[in-house]
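The values are calculated or read from the model by the stated rules, or taken from the named source; none is laboratory data. Bear in mind the structure is a predicted one, so any value in this text is a computation, not a measurement. Please note: Cβ atoms are built from the backbone with ideal geometry, for glycine as well, and neighbour counts cover all protein chains shown.
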């Protein structure tokens, strides 16, 4: 089975949403208690976003439609 990475269009849409808010990727990461390099990796399609911090970042960015439990 091949790895499923976030679609490029979804990543670009997430970047556009951040730009419209006037928010940098680093600001988004720090505001959501994420490591900036993880958020950059998710937006660049370098992470599978299946679990952990990458999954959480993808959900918060609107790339994945899942629920985050505390």
Check your understanding: Is it the case that residue 35 is modelled with pLDDT under 90 and either in contact with a helix residue (DSSP H, G or I) (Cβ under 8 Å, 6 or more places away or on another chain) or under 21 Å from residue 8 (Cβ atoms) (or both)?
Key -> no
Review point. Considering the stretch 33-45 alone, what residues qualify as being touching a residue at least 12 places away in the same chain (Cβ under 8 Å) and loosely packed, with under 15 Cβ neighbours inside 10 Å?
Key: 35, 44
Exercise for review: Report yes if some residue within the stretch 3-11 is at pLDDT 95 or above and surrounded by fewer than 19 Cβ atoms within 10 Å (Cβ to Cβ); otherwise report no.
Suggested key: no
